[in-house]
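Enquirer: To start, I am sharing the structure in question, which I have written as structure tokens.
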Amino acid sequence: MQIKCDKRLKLSSAELADTIRKAVQKYYGDFGLASIGNMSVKLINDKHKLAIIRVSHGSHRFFTSIIPLLNKVGKELATCRILYIGATIRQCKRYLVDHQNDVIRKIISAFNDTERQAFLTELSNSLEI
């Protein structure tokens, strides 16, 4: 799931899960809430505004229909969208790495050689090891 907002996103996994549960309760009632009862937030990346959320296979339809309707996550106004639905967390992480590489390639393609080298140097210095 990708979350777009203007400010730096300071969000805990509990806040994100609570926001999703409240939205499911609002639109689908107790049945929808009970069906996503085992939902868990596996990863939140504040820097890139990405999240991996685990939901069981049968109830993923409630989850996927609610995400585009979210306009507020935590206390911030935000737009959410689903990037990928995978069967395992490993597949989702692999997709996120590929997605981020594609974003970097698109950014780099607009640069000339000196700008590209400066960008790559800055990127490698900012990566968390």
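Enquirer: Can you compute the modelled spin-label distance between Thr88 and Ser126, with each label point 7 Å from Cα toward Cβ, in nm?
Expert: About 3.2 nm separates the two model spin labels.
Enquirer: On to the next question. How long are the semi-axes of the equivalent ellipsoid of region 57-129, defined as square roots of 5 times the Cα gyration tensor eigenvalues? Whole Å, largest first.
Expert: Details: eigenvalues 206, 55, 28 Å².
Over the Cα atoms of region 57-129, the semi-axes work out to 32, 17, 12 Å.
Enquirer: Write down the Å³ per residue value for the convex hull defined by the alpha carbon atoms of the chain.
Expert: 117 Å³
Enquirer: Could you bin all the Cα-Cα distances of region 70-112 into 5 Å bins starting at 0 and give me the percent of pairs in each, rounded to whole numbers?
Expert: Spelled out per bin, shortest first, that is 5, 19, 15, 14, 19, 20, 7, 2.
Enquirer: Relative contact order for the chain: what is it in percent, counting Cα pairs under 8 Å that are at least 6 residues apart?
Expert: Averaging sequence separation for qualifying contacts and normalising by length gives 26 percent for the chain.
Enquirer: Excluding residues fewer than 8 places away in the same chain, name every one of the lysines whose C-alpha is closer than 26 Å to that of Lys10.
Expert: Of all the lysines, those that pass the test against Lys10 - Cα under 26 Å, at least 8 places apart if same chain - are Lys22, Lys26, Lys42, Lys47, Lys49, Lys72, Lys75, Lys93.
Enquirer: Same structure, new question: Which whole-number percent is the relative contact order of region 58-98 (Cα, under 8 Å, 6+ apart)? Let's see the in-between values first.
Expert: On the way: 22 pairs, mean separation 10.1, N = 41.
Result for region 58-98 is 25 percent.
Enquirer: While we're here: Can you tell me the dipole magnitude for region 1-80 around its Cα centre, using point charges on the Cβ only (Lys, Arg +1; Asp, Glu -1), in Debye to the nearest 20?
Expert: Working: 14 positive and 6 negative charges, 46 e Å.
So the magnitude is around 220 debye.
Enquirer: In addition: Could you give the angle, 0 to 90 degrees to the nearest 10, between helix 89-109's Cα long axis and the longest principal axis of the Cα atoms of the chain?
Expert: Once rounded, the angle reads 40 degrees.
Enquirer: Let me ask something else about it. For Ile53, which sequence-distant residues (separation of 5 or more, or a different chain) have an amide H within less than 5 Å of its own amide H, given hydrogens modelled in the peptide plane?
Expert: Residues meeting the criterion, in which the H sits 1.01 Å from N, are Lys42.
Enquirer: Enumerate the amide H contacts of Glu76 below 5 Å, restricted to partners 5 or more residues apart or on another chain; note that Pro and chain-start residues carry no placed amide H.
Expert: Under 5 Å from the amide H of Glu76 lies no amide H from a residue far enough along the sequence or on another chain.
Bear in mind these aren't lab numbers, they're just calculated from the coordinates by the rules spelled out. Keep in mind it's a predicted model, so treat the numbers as computed, not measured. Ideal geometry is used to build each Cβ from the backbone, glycine not excepted, and the neighbour counts take in all protein chains shown.
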